[in-house]
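One structure is given here, and the rest of the page talks about it.
Coordinate-derived values only; no laboratory data. Remember, it's a predicted structure, so these values are computed and weren't measured experimentally. When we count neighbours, we look across all protein chains shown, and the Cβ atoms used for this are built from the backbone with ideal geometry, even at glycine.
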Amino acid sequence: MPAHRPEECDRLLFEAMDAGDLDVLLDLYEPDAVFVVSPGQVVAGRAAIRQVLEGMIAADATGRLDAVTAVCSADGSVAFTRAKGSTTRPGPDGKPVTTPFQSIEVVRKQRDGTWRIAIDDPSGQGLA
């Protein structure tokens, strides 16, 4: 399902992640999107992003999205989004480990009116 508003990108991303649907996840990204794996480690393109997302799905994490905000450019073609929430995954001892996050994304309106992620920084820490 495509995003019809900038802030829907995050919601759809979490739904697809929780469902383990890699194809839907990848469709939320532009073909040449950039993904910040960790501060200082960036990958580009869907093939590289696929590998990162496969690892995230394999970690059996689930997410909770508490809030998403978006600010659009004056012409409405690009938006900056910020999401707050948490992820929970099994720890080494099997007990759940919950980690809060504040992600940032740049999303771009496509020709068909839907939105896709151009830059994704799940940790919100950038390139520092």
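What the table below lists for this structure:
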{"quantity": "Between helix 46-58 and the chain: long-axis angle, C-alpha atoms, 0 to 90°, nearest 10", "calculated": "30"}
{"quantity": "Projected-area mean, the chain, by convex hull of Cα positions, square nanometres", "calculated": "7.7"}
{"quantity": "Positive minus negative residues near Cys72 (Lys, Arg vs Asp, Glu; Cβ under 14 Å)", "calculated": "0"}
{"quantity": "Trypsin sites (Lys or Arg not before Pro) lying in DSSP loop within the range 19-128, provided at most 15 other Cβ fall within 10 Å", "calculated": "Arg111"}
{"quantity": "On Cα atoms only, tilt of 8-19 relative to the major axis of the chain in degrees", "calculated": "30"}
